[in-house]
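Q: Let me give you the structure first, and then I'll get to my questions.
The values are calculated or read from the model by the stated rules, or taken from the named source; none is laboratory data. None of these values were measured; they are calculated from a predicted model. Note that each Cβ is placed from the backbone with ideal geometry, even for glycine, and that neighbours are counted across all protein chains shown.
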Amino acid sequence: MNTRANSPTTAADTSADDPELERRLADRLQRLRAQRGWTLDELSTRSGVSRASLSRLERGETSPTASLLNRLCAAHGLSMSRLLAEVEAAPVRRLALAEQASWRDTETGFVRRMVSPPAAGFVGELLACELPAGAQVHYDRPSVGGLEHHVLLLDGRLLLEVDGQTHPLEAGDSLRFRLWGPNTFAAPGPLPARYVLAICQPS
């Protein structure tokens with residue numbers, strides 16, 4: 001398992017460091033597939049994830065990367081945050097820092113902390129994210145088409161590619177957009193990119 005790069009030390013343990021959360025995530029992925037009546041081969045075709053990888057994920061033998069998890073969410077029509085929230089405890093009105101669930105992509109070191117997770121009756125969610133210097137995360141398609149995004153860069157530099165156009169952000173800059181296609185978050189360095197991301201479901 002990769003070590004966490006520049007992640008907040010007071011945040012809740014990431015899924016990679018929480019076997020119970022990993023188990024619940026694997027179970028939820030298996031139940032989502034079963035609810036739709038899909039075989040592993042059918043989900044593989046819909047998501048572009050190999051059958052072998054899907055099998056290992058559902059057995060809890062490996063942790064998904066952000067890109068892979070995004071593909072599965074797109075196949076199921078769920079946002080990534082909503083899926084992760086479903087394996088956490090029921091949402092509450094106040095979440096102390098230590099109670100805010102974090103998830104780390106073990107491949108890139110990317111960390112996303114659910115400051116205000118998805119909840120019934122709410123269309124928005126708020127994330128605190130950190131991408132190590134030199135790392136990038138690419139999503140080949142949105143998990144849900146038309147998701148409204150608002151990005152505020154707190155520290156470092158961020159290159160955000162949306163609809164084939166790259167937007168360079170410096171600390172204090174913001175960017176808002178609706179996501180319909182591929183997008184990439186990259187931290188050119190020398191510092192990690194720390195940013196707040198607000199996501200709203202399309203109306």
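Q: Among the candidates Gly164, Gly172, which residue alone is farther than 24 Å from Pro64 by Cα and modelled with pLDDT of 95 or more?
A: Being farther than 24 Å from Pro64 by Cα and modelled with pLDDT of 95 or more holds for just one of Gly164, Gly172, which is Gly172.
Q: Being assigned by TED's automatic domain parsing to the domain that holds Val162, under 30 Å from Arg157 (Cβ atoms) and modelled with pLDDT of 90 or more is the requirement here; does Leu68 meet it?
A: It is false that Leu68 is assigned by TED's automatic domain parsing to the domain that holds Val162, under 30 Å from Arg157 (Cβ atoms) and modelled with pLDDT of 90 or more.
Q: Sticking with this structure for a sec: Quick one: what pairs do we get from region 175-197, first residue in contact (Cβ under 8 Å) with a residue 24 or more places away in the chain, second outside any loop (DSSP other than H, G, I, E, B) and of a type in the set (Gly, Ala, Ser), C-beta under 7 Å, 6+ apart or different chains?
A: Ala187/Ala193; Val196/Ala128
Q: Is it the case that region 109-119 has a residue that's touching a residue at least 60 places away in the same chain (Cβ under 8 Å), over 27 Å from Gly77 (Cβ atoms) and either assigned by TED's automatic domain parsing to the domain that holds Val196 or among the β-branched types (Val, Ile, Thr) (or both)?
A: Within region 109-119, one or more residues are touching a residue at least 60 places away in the same chain (Cβ under 8 Å), over 27 Å from Gly77 (Cβ atoms) and either assigned by TED's automatic domain parsing to the domain that holds Val196 or among the β-branched types (Val, Ile, Thr) (or both).
Q: Got a number for residues in region 121-143 being in contact with a Leu (Cβ under 7 Å, 6 or more places away or on another chain), crowded, with 18+ Cβ neighbours inside 10 Å and in a loop (DSSP other than H, G, I, E, B)?
A: Here the count works out to 2.
Q: Same structure again: Identify the residue in region 154-187 that is of a type in the set (Asp, Glu) and more than 19 Å from Ala128 (Cβ to Cβ) and, among all such residues, is surrounded by the most Cβ atoms within 10 Å (Cβ to Cβ).
A: Glu161
Q: Any idea which of (1) within 14 Å of the chain's Cα centre (by Cα); (2) among the aliphatic types (A, V, I, L, M); (3) in a loop (DSSP other than H, G, I, E, B) is the one Val115 doesn't satisfy?
A: The single condition Val115 does not satisfy is (3).
Q: Would you pick out the residues in region 1-23 that are over 16 Å from the mean Cα position of the chain (by Cα), at pLDDT 75 or above and either surrounded by 14 or more Cβ atoms within 10 Å (Cβ to Cβ) or of a type outside the set (D, E, K, R) (or both)?
A: Pro19
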